[in-house]
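Here the structure comes first, spelled out in structure tokens, and everything after it is commentary.
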Amino acid sequence: MAATLALIAAFLFALAATLQQKGALNLPTISLAHPMSLVRLAGQTAWLVGTLALFTGYLFQAGALDRGRLSIIQPLLVTTVVFALPLGYLITGQHVGRREILGAVVIIVGLGLFVSFGDPAGGNDNASNAQWAVTIGLLSLLSVLLLVFGRGGLTMKAAVYGTVAGILFGLSSALTKPTLDDLHQSVGTMLSHWECYALAVAGVLGFVLQQVSLGTGRLAPSVATVSVANPIVGILIGILLFDERLSRPAWHVVVAVAGLALALIGAVVISLARAAGEQQATADAPGPSAATA
């Protein structure tokens, strides 16, 4: 059930990203330097429908995290990249080539190995405040460094902002575990702990940065980086903070880790293939003189 809910969430995240990108493409620019550009997104019907799909996906993800381990649920979200390919083709007319299809197959095979041979056991639903402070501090520092030094063209911008959004989504997913545990006791208990507020802040910041990433028009690197950074952060927090472990024989652990690495490589293959396609399309586009002729 947890795995099924995670896959449904991944599909909804892909649908949301595609629709939000469709809405963003109708606007001249989406930038943190121009806050009103983010406000104008609310006037785009496709973007609003995509946002509804996104929040619905959060609910399914929360249901999956409530029933399963962080280190098994988060990797399944890599399938967002797979779902984004046909949705991008159908909704925004994006080209899907053989390398993208190959990357999707690699992701499916890799995740199949991870789910079949990985069996996270043990673990806790929360960590100490000191551990959380160090984790949040390190992830915040990494995010700031990426935003400051990760400058470049539209594809680079999509990748950098997508990566930071993925980091924040991975953090918010980890914070969902203790928040749900408190909610099971009562709403008052949940509101009396800091985790729910940190979850809200990380989620909102990730949401805003993802809109900037999608606003570049580069769907593949945007979705791929979110889908890779999110599970990596989730797995690391699950192992280092929640003490989740792959409990089966050593060779099962090796196969599971190799499968996860394969899935992440598949996401990168899709991202690079789409980026190359976009660069080729730009190079083939006629210049002003050719257009006039």
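Only the coordinates and a few stated rules stand behind these numbers; no lab work does. All figures in this text were calculated on a predicted structure; none of them were measured in a lab. Using ideal geometry, Cβ is built from the backbone for each residue, glycine included, and neighbour counts are taken over all protein chains shown.
For the range 168-225, what is the Kirkwood hydrodynamic radius in Å, using each pair of distinct C-alpha atoms?
Value: 12.5 Å, from the Cα pair sum.
R0 = 22 Å: FRET efficiency of Ile239 with Val204, Cβ-based, nearest 0.05? If you can, show how the numbers build up before the last one.
Working: r = 26 Å, r/R0 = 1.20.
FRET efficiency, Ile239 to Val204: 0.25.
Regarding the range 47-129, what whole-number volume in Å³ per residue does the convex hull of its Cα atoms give?
Numbers: hull volume 10.6 nm³, N = 83.
It comes to 127 Å³ per residue, whole-number rounded.
Stretched out fully, how many nm does the piece from Gln185 to Ala130 gain, at 0.36 nm a residue minus the Cα gap?
Once the chain is fully extended between Gln185 and Ala130, it gains 17.4 nm.
Starting from the 7 Å offset along Cα-to-Cβ, what nm value, one decimal, do you get for the label separation of Ala250 and Leu90?
4.7
Based on the alpha carbon coordinates of the range 2-275, what radius of gyration and maximum Cα-Cα distance (Dmax) apply, in Å?
Expressed in Å, the Cα Rg and Dmax of the range 2-275 come to 17.8, 54.
I need the Kirkwood Rh of the range 82-179: take the reciprocal of the average 1/r across all distinct C-alpha pairs and report it in angstrom.
One decimal place: 16.8 Å for the Kirkwood radius.
Calculate, in nm to one decimal, what Val109 and Ser140 gain on full extension: separation in residues at 0.36 nm each, minus their alpha carbon distance. Numbers along the way, then the final one.
On the way: separation 31, 0.36 × 31 = 11.16 nm, distance 3.28 nm.
Gain on extension, Val109 to Ser140, equals 7.9 nm.
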